[in-house]
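In what follows, a single structure is set out as structure tokens and then discussed.
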There are 2 protein chains.
Amino acid sequence: MTSTSTARDIARAAKAAFEASQLVDPSERNTALELLLDELEKLKTDILTANKQDLEAARVEVASGKLSESLLKRLDLSTEAKWTAMLQGVRDVAALPDPTGRVTYATRLDDGLELYRVTCPIGSLLVIFEARPEVVVNIAALAIKSGNSAILKGGKESTRTATLLAQAIRAALARTKFDADYIQTVHTRAEVSSLLEQDRYIDLVIPRGSNELVRSIQRSTQIPVMGHADGICAVYLDESADLAKAVRVAVDSKINYPAACNSAETLIVHESLLTSVWPKVAAALLDKDVKLLCCPRTLDALRQSQDTHPKLVTHVQPATDDAFTTEHLSLTLSVTALSSLSDAVKWINGHSSHHTDTIVTESAAAASAFCRGVDSAGTFVNASTRFADGFRYGFGTEVGISTGRVHARGPVGLEGLVIYKYMMRSTANGGHIVGEFGGGAGQKQFLHEKIESQAVPF
Amino acid sequence: MTSTSTARDIARAAKAAFEASQLVDPSERNTALELLLDELEKLKTDILTANKQDLEAARVEVASGKLSESLLKRLDLSTEAKWTAMLQGVRDVAALPDPTGRVTYATRLDDGLELYRVTCPIGSLLVIFEARPEVVVNIAALAIKSGNSAILKGGKESTRTATLLAQAIRAALARTKFDADYIQTVHTRAEVSSLLEQDRYIDLVIPRGSNELVRSIQRSTQIPVMGHADGICAVYLDESADLAKAVRVAVDSKINYPAACNSAETLIVHESLLTSVWPKVAAALLDKDVKLLCCPRTLDALRQSQDTHPKLVTHVQPATDDAFTTEHLSLTLSVTALSSLSDAVKWINGHSSHHTDTIVTESAAAASAFCRGVDSAGTFVNASTRFADGFRYGFGTEVGISTGRVHARGPVGLEGLVIYKYMMRSTANGGHIVGEFGGGAGQKQFLHEKIESQAVPF
């Protein structure tokens, strides 16, 4: 078989498993998650042995400089904390409310004719991610909970571990009413390339990983892709910014976890703060070892400030042209001065990645204008950009953060894995036909009376 | 300027107009629609003269066989009924509730820290459609109402009319706080090709027209596309079908408006009905001049029936291989017999275009299984497939019908033109930082208390 026909078989099996699952009672999904915990415990020794082998192979690659040291940490599943967290993740997902079967619109079109819009799974997912092997279990749990079938592709460094995790998933599914093909795993890039062509059978691609991974997938498929590109987030210190808030929000947004996509990469300072608030915010950032790439005005302000910070020479530099479109992902912050709120909004819309941006202000009008004018998934007032996160937002879990403009935006919970369908029922004699409705004499008019209902009654 | 740089300018202007519009009060959108009505009335004579010229040019093309006769009817805007309907369409859209600014999730994360998910426009739209010139006005109204900027491309046959309609739109916008570039029109295919590359500035492409148009656009852009492909809808006559309902639903689904995407193309007959219900349903369809393409069993049943219909010879033929994957869009219906509900669900999932399918049944269990098992945007019980329509569903207007699985599915009203953003506000001393939350001693826990609110209070 060629790679394409194999991919077609895998994709077709995923779709068939999804379609068959629609007649399985949704309670079976939580049963599957409980059985998954059981099968993982049964295979624990084998899984950890396989993980050791993956780690040893990776150490060789790291030693020869082919892989980075940080990968080893992500690959390692052997600590009790990591194992426990993986299992707890499955329990957390199981405990969430069912995202499907919820009625979001219901109307009576006519006596005896009811319409319900009800949430349902999307279909079959293709999820592509990188090193961490426990993501296989995490994503499988999310797919099962939301009623979607899935094909999973992890990083090649974790193949041995992932193969056994997939075996546990298969064993769990075999004890349920779901097809064993409900969750499948593939291991090669060639398989993924061919799967990206299967738009007849795969409904959504979710890449989780580097910007490069996400962009390359977007370029190579006609299947809808849900993912985020850069996280270039800004903190804007408005004319009326409170000093304590400015310091706390700027510092937390930058240093709380610099490698995260919701960390600030840019600080915008209103020009009226150049000699007052700005030097103090800069000092607080320098205290935390942040490197500042400054525009001429913010740089001058620091150099002319009376309280010269000891790190001024080592940690403060002029910003280069690309500083404001770079996702530093480290303790580096680009800084620019602007002369108005309106300029700041325009600057952010032109330079940010439309992820999350925050204003520090005491003005209600400025807060309102910023939140409406900044065209990002998250617009915050006096709060750190780091709050942009599914757990913090209260979703219980997070599929990822979307900077797209359709379907789901910002942190995406289980809701991002469902869509809806319209169910309609006639209980009238003779059923309902469109030909009876219209503007003519004796013809019926639509009622469009709201129905209060949480679930479809048939 | 090359075509690409022109397209980039157009797309960039659309995006800039959208961004600027975010600080304009939403009430200005209805003002713009009222002014649009005014400008259309002012230009009425010129518009109808231009429409006559378009029609004359088209008649030459029709006479030489380059265009079809039916295009003339779609192109013609000169009847008073059509003109009035165009203006009424604008008024109807203006009368709909604002789809933006609605809070769909609100939670208190901590004392003084509130999160709001609020509906907002998507951004800049590229809408591509075919002959009917009034669609320019229709789509402009939808874009303005939903707060999106738009670039519109109509059919080349209506260029003269569309240019004047666009002039009216521009004149109306010039009297508002919106940029004149808020709604732009382009006229050539080359411009569209270049615009489809502007994924940095254009957020959503909406093709309205033939399947061919939709597919060709999907293949040639990385911008998300919202549209529908085929409408291959099925009526399934279940074992327990009531005869009167079977006849009424099958006939209405087929003949009410055969050229529409929500018309039935396939009839599935449970085998137990072959000698009872089926011949009577067939007779009713033949009475309405429907041509039946039958599988061997449904064909035999008619040929062996005691009541031979006079049109049996002329209107009933064996189904060819492609009959069940063809969108007839005419008075032709493919018919097959199957032996169970489960087979019917599988058949529909394998052959339909996931648009709208209906079951005729007296069994509550069969209705429930059909509605859940059939993976289509609409699953109906004892109701005609023709009910799948935004107006009939109560949306007031319809952007189109989506057979996609993300963002919007089924008939799409104004809700399909909005997404949401997350606004967060801290009112605490010092603002809110993530570093204060966590599992450690003295650290804060998230509250996640539901806030009852219809609108963002800041």
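Annotations
- Chain A, closest residue to the rotation axis toward B, by beta-carbon, whole angstrom: A:407, 2
- Couplings for the range A:414-423, taken from phi via the Karplus curve 6.51 cos²θ - 1.76 cosθ + 1.60 with θ = phi - 60°, read 4, 4, x, 9, 10, 10, 9, 10, 9, 10 Hz in order; Gly and Pro are left as x.
- Across the options B:70, B:369, A:233, the greatest Cα extent toward the positive end of the charge dipole of the protein assembly as shown (unit charges at beta carbon of Lys, Arg, Asp, Glu) belongs to B:70.
- Judged by the mean number of other Cβ atoms found within 10 Å, the most tightly packed of the peptides B:356-367, B:205-216 leads the ranking B:356-367, B:205-216.
- Chain B: DSSP helices with Cα axial extent of at least 24 Å and average Kyte-Doolittle hydropathy no lower than -0.5: B:3-21, B:44-63
- Out of every Cα-Cα pair that the protein assembly as shown contains, those further apart than 41 angstrom amount to 43 percent.
- Positive dipole terminus of chain A, leading residue within A:142, A:195, A:122 (C-beta point charges): A:195
- Built amide H within the under 5 Å cut-off of residue A:151, gap 5+: A:125, A:126, A:127, A:184
- Cα point-scatterer Debye curve for the range A:131-248, base-10 log of I(q)/I(0) at q = 0.17, 0.21 Å⁻¹: -0.88, -1.27
- FRET efficiency estimate (nearest 0.05) - Cβ-Cβ, residue B:259 to residue A:190, R0 41 angstrom: 0.40
- Residues residue B:289 and residue B:320, FRET efficiency given R0 of 22 Å [Cβ-Cβ distance, rounded to 0.05]: 0.60
- Sorting the segments B:143-155, A:445-457, B:402-414 by their mean number of nearby beta carbons within 10 angstrom, highest to lowest, gives B:143-155, B:402-414, A:445-457.
- Taking amide hydrogens as placed 1.01 Å from N in the peptide plane, the amide H of residue A:444 sits under 5 Å from those of A:437, A:438, each at least 5 positions away in sequence or on another chain.
- Furthest towards positive pole of dipole, B:306, B:89, B:293, structure part chain B, Cβ charges: B:89
- In a simple Cβ point-charge model (Lys, Arg +1; Asp, Glu -1; nothing else charged), the protein assembly as shown has a dipole of about 580 debye relative to its Cα centre.
- Distances between equivalent label points of residue A:435 across the copies, with each point positioned 7 Å along Cα→Cβ, amount to 7.4 nm, shortest listed first.
- Relative contact order (%) - the range A:200-291, alpha-carbon pairs under 8 angstrom, separation at least six: 26 percent
- Contact order relative to length of the range B:233-395, as percent, for alpha carbon pairs under 8 angstrom and 6 or more apart: 33 percent
- Take each residue of peptide B:132-142, count the partner chain Cβ atoms within 10 Å of its Cβ, and average: the result is 0.
- Global form of chain B, assessed from the alpha-carbon gyration tensor, a/c cut-off 1.5: oblate
- Distance between the range B:333-362 and the range A:169-231 - C-alpha centres, whole angstrom: 29 Å
- Exercise: per-residue mean of other protein chain Cβ atoms within 10 Å, A:18-26: 4
- For the cross-link pairs A:288/A:311; A:42/A:145; A:82/A:288; B:291/B:311; A:73/A:156; A:254/A:280, the ones whose C-alpha atoms lie over 18 Å apart are A:42/A:145; A:82/A:288.
- At q = 0.14, 0.19 Å⁻¹ the log10 of I(q)/I(0) for the range A:233-395 amounts to -0.61, -1.17, computed by Debye summation with a single uniform scatterer per C-alpha, solvent ignored.
- Separation in nanometres of the label points that stand 7 Å from Cα toward Cβ, at residue B:212 and residue B:87: 3.7 nm
- Mean partner shielding of peptide A:400-409, defined as the number of other chain Cβ atoms within 10 Å of each residue Cβ, is 5.
- Alpha carbon centroid spacing (whole Å) that separates the range B:364-402 from the range B:73-90: 29 Å
- Sorted from closest to farthest, the other copies place their residue B:48 label points 8.6 nm away, with each point set 7 Å from Cα along Cα→Cβ.
- Counting only DSSP beta bridges whose two residues both lie in the protein assembly as shown, roughly 30 percent are antiparallel.
- Put a plus charge on the Cβ of each Lys and Arg, a minus charge on the Cβ of each Asp and Glu, and nothing anywhere else: the dipole of the range A:163-312 about its Cα centre is then about 380 debye.
- Net charge, residue A:244 excluded, C-beta distance under 14 Å - Lys, Arg +1, Asp, Glu -1: -1
- Fraction of beta bridges assigned by DSSP in chain A that are antiparallel (%, nearest 5): 35 percent
- Label points for residue A:64 are taken 7 Å from Cα along Cα→Cβ. From this copy to the others they lie 6.9 nm apart, shortest first.
- R0 of 56 Å, Cβ-Cβ distance residue B:66-residue B:30: FRET efficiency to nearest 0.05: 0.85
- Chain B: relative contact order as a whole-number percent, Cα under 8 Å and 6+ apart: 19 percent
- The label point for residue B:48 and the one for residue B:451, both projected 7 Å from the Cα toward the Cβ, are 5.4 nm apart.
- Using only side-chain charges placed at the Cβ, +1 for Lys and Arg and -1 for Asp and Glu, the dipole size of chain B relative to its Cα centre rounds to 460 debye.
- As a rough guide to protection, the peptides B:378-390, B:174-186 ranked by mean Cβ packing within 10 Å, highest first, stand as B:378-390, B:174-186.
Since every read-out is calculated from the coordinates, none of them should be taken as a lab result. Treat the numbers as computed from the prediction; the structure is a model and nothing was measured. Ideal geometry is used to build each Cβ from the backbone, glycine not excepted, and the neighbour counts take in all protein chains shown.
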